[in-house]
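K.L.:
Could you have a look at this structure, given as structure tokens, before my questions?
FYI, it's all coordinate maths here, none of it is from the lab. Here the structure is a predicted model, which means the values were calculated and not measured. As a convention, Cβ positions derive from the backbone with ideal geometry for all residues, glycine included, and neighbour counts pool all protein chains shown.
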Amino acid sequence: MEKLNFNEQDLLTEIGSIGTGHAATAMADILGQKITITVPHVELVSFDRVAEFVGGPGRNLACIYLDVLGDLPGTVLVMFNENTARRLLSSLIPDTELNFFELSHLQQSALMELGNILSGAYLSALADFSQQRMYLSVPRLAVDMAEAMLSVPMAKLGCKSDYALLVQARFFEESSNRGYILFLPDPGAALRMMGIFGVGSDE
Amino acid sequence: MNNYQIGMAQLIVAKAPGIIRSTGLGSCIGIILYDPFAKVGGMAHAMLPKHRPGRGDNKGKYVDTAIDTMLEDMEALGANRLNIIAKLAGGAQMFPDSDRDSLMVIGSKNIAAAEEHLSNLGIAIVARDVGGHSGRTLELDCRDGTLYIKTVSNETKI
């Protein structure tokens with residue numbers, strides 16, 4: 001697969017919308033505030049371009065990494081910039097002092113749990129919709145440059161492909177607050193998804 | 001100024017006074033080759049240890065094909081293979097390890113693959129800043145081969 005046709009693009013945007021809608025609801029419930037989320041951006045991109053979709057390769061972010069297992073394997077990444085991580089943590093843990101690059105165990109656990117809940121909501125919606133079994137690995141957390149953290153899921157995809165299929169949505173609208181949820185289906189899973197929904201590639 | 005920027009799975013070679021930068025190497029390995037006499041340098045931001053047929057043909061993606069391609073490109077710019085030295089930076093483990101997950105240790109596999117391939121080619125590794133748990137941003141000055149390395153909390157040069 002080197003290019004998505006119109007139907008594939010459409011299907012993935014729809015799937016992404018269902019997932020992100022549920023994730024946004026879950027997040028709004030936890031935080032007790034309204035969450036804005038963008039329509040997903042779907043694109044097949046070369047590895048050097050992936051970081052553009054989370055604000056650039058050198059952008060410092062907190063990243064929660066989860067492997068997707070089951071019928072449609074892949075990776076989910078939930079990423080927050082420092083302002084957003086601060087805002088989220090202060091509503092979960094009142095009076096918390098925060099050093100973004102040296103988070104306490106409690107702060108790390110809270111962020112991982114948040115990533116877990118968002119990804120869980122995202123994927124259970126997708127699993128229901130597609131009638132496929134999907135489950136998540138335990139979450140892992142890193143706070144570093146975007147490109148450096150993206151290297152891990154890209155290495156997983158790189159074994160099979162020169163491109164990453166990216167389903168990206170952005171949380172929050174204010175410019176200082178940024179959150180991202182990235183779904184990266186493995187190449188085989190993407191094809192399987194097209195098959196399930198009867199969207200064939202143009203031969 | 002001749003400034004070049006490369007991303008994941010890319011490589012480039014340049015002559016002095018060129019500067020080659022790459023931002024945010026995590027588990028990827030930065031392989032730097034330099035001929036101090038011809039003042040020709042190269043940098044690769046490689047993702048995976050070894051090329052295998054049928055895994056795509058992007059030369060910069062794999063440690064071995066990236067090194068081979070850089071050597072050819074540097075010779076085309078006037079470098080002599082016998083004078084070329086190497087520096088390595090990157091190969092971090094970005095996320096905490098779990099039981100039996102080989103993906104999380106891809107960084108150390110990339111380091112080992114670079115060491116092995118360079119040793120097979122008889123190219124000396126004169127400096128390295130590898131492993132750990134932090135991403136690195138690299139900048140190679142092709143005038144003297146100095147490699148500047150930045151992490152979120154530190155700066156160094158090798």
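K.L.:
Using Stokes-Einstein with the Kirkwood hydrodynamic radius over Cα pairs, what translational diffusion coefficient do you get for segment A:1-120 at 37 °C and a viscosity of 0.692 mPa s, in µm²/s rounded to a whole number? Show your work: numbers first, answer last.
P.N.:
Values: Rh = 16.1 Å.
D, rounded to a whole number, is 204 µm²/s.
K.L.:
Lys and Arg at +1, Asp and Glu at -1: add these up for the other residues within a Cβ distance under 12 Å of residue B:12 and post the number.
P.N.:
On the way: positive: B:15, B:21, B:59; negative: A:48, B:73.
After counting each charged neighbour, the total is +1.
K.L.:
Gaussian network model of chain A, Cα springs within a sub-10 Å range: biggest mean-square fluctuation belongs to which of A:87, A:140, A:170?
P.N.:
Ranking A:87, A:140, A:170 by mean-square fluctuation puts A:87 first.
K.L.:
Calculate for chain B the 222 nm mean residue ellipticity that helices alone would give, adding -39,500 (n - 2.57) per DSSP H run of length 4 or more and normalising by residue count, nearest 500 deg cm²/dmol.
P.N.:
Values: 2 runs with 29 residues, N = 158.
Result for chain B: -6000 deg cm²/dmol, rounded to the nearest 500.
K.L.:
For chain A, what does the convex hull of the Cα positions come to per residue, in cubic angstrom? Intermediate results must be reported in sequence, preceding the final value.
P.N.:
On the way: hull volume 21.6 nm³, N = 203.
With only Cα atoms used, chain A gives 107 Å³ per residue.
K.L.:
Considering chain A as a Gaussian network with a 10 Å cut-off on Cα pairs, which listed residue, A:66, A:103, A:123, attains the greatest mean-square fluctuation?
P.N.:
A:103
K.L.:
To the nearest 10 degrees, how steep is helix B:106-120 against the longest Cα principal axis of chain B, on a 0 to 90 scale?
P.N.:
Orientation of helix B:106-120: about 40 degrees from the principal axis.
K.L.:
What whole-number distance in Å separates the alpha-carbon centres of segment B:1-60 and segment A:1-69?
P.N.:
29 Å
K.L.:
To the nearest 0.05, what FRET efficiency results for residue B:3 and residue A:132 with a Förster distance of 51 Å applied to their C-beta separation? Write down the numbers at each step before the final one.
P.N.:
Details: r = 47 Å, r/R0 = 0.92.
For R0 = 51 Å, the calculated efficiency reads 0.65.
K.L.:
A follow-up question, please. In degrees, nearest 10, range 0 to 90: what is the angle between the Cα axis of helix A:146-158 and the longest Cα principal axis of chain A?
P.N.:
The two axes meet at around 30 degrees.
K.L.:
If you put +1 on each Lys and Arg Cβ and -1 on each Asp and Glu Cβ, how big is the dipole of segment B:8-104 around its Cα centre, in Debye rounded to 20? Show your work: numbers first, answer last.
P.N.:
Working: 11 positive and 10 negative charges, 30 e Å.
Value, rounded to 20: 140 debye.
K.L.:
Another question, then. Can you show me the helix-derived [θ] at 222 nm for chain A, built from DSSP H runs with n ≥ 4 at -39,500 (n - 2.57) apiece and divided by the number of residues, rounded to the nearest 500.
P.N.:
Result for chain A: -14000 deg cm²/dmol, rounded to the nearest 500.
K.L.:
For chain A, take the longest principal axis of its alpha carbons; what is the angle in degrees between that and the long axis of helix A:82-92, to the nearest 10 within 0 to 90?
P.N.:
Value to nearest ten degrees: 70.
K.L.:
With an 8 Å Cα cut-off and a minimum separation of 6 or more residues, compute the relative contact order for segment B:3-157 in percent.
P.N.:
Values: 398 pairs, mean separation 44.4, N = 155.
That works out to 29 percent.
K.L.:
Does segment B:21-158 classify as rounded, prolate or oblate by the C-alpha gyration tensor (a ≥ b ≥ c root eigenvalues; a/c under 1.5 gives rounded; else a/b over b/c gives prolate, otherwise oblate)?
P.N.:
On the way: a/c = 2.09, a/b = 1.30, b/c = 1.61.
The shape class here is oblate.
K.L.:
Can you check what the net charge comes to around residue B:26, using other residues whose Cβ is under 12 Å from the Cβ of residue B:26 (Lys, Arg +1; Asp, Glu -1)? Could the numbers behind the result be given before it?
P.N.:
Numbers: positive: B:136; negative: A:144, A:147.
So the environment of residue B:26 carries a net charge of -1.
K.L.:
Just want to confirm a number: the relative contact order over segment B:65-145, from Cα pairs under 8 angstrom separated by 6+ residues, in percent.
P.N.:
Numbers: 81 pairs, mean separation 30.3, N = 81.
Once normalised by length, the contact order is 37 percent.
K.L.:
Based on the Cα atoms of the protein assembly as shown, what semi-axes does the equivalent ellipsoid have, where each is the square root of 5 times one gyration tensor eigenvalue, given in whole Å with the largest first?
P.N.:
Numbers: eigenvalues 271, 115, 55 Å².
Ellipsoid half-lengths, sorted descending, are 37, 24, 17 Å.
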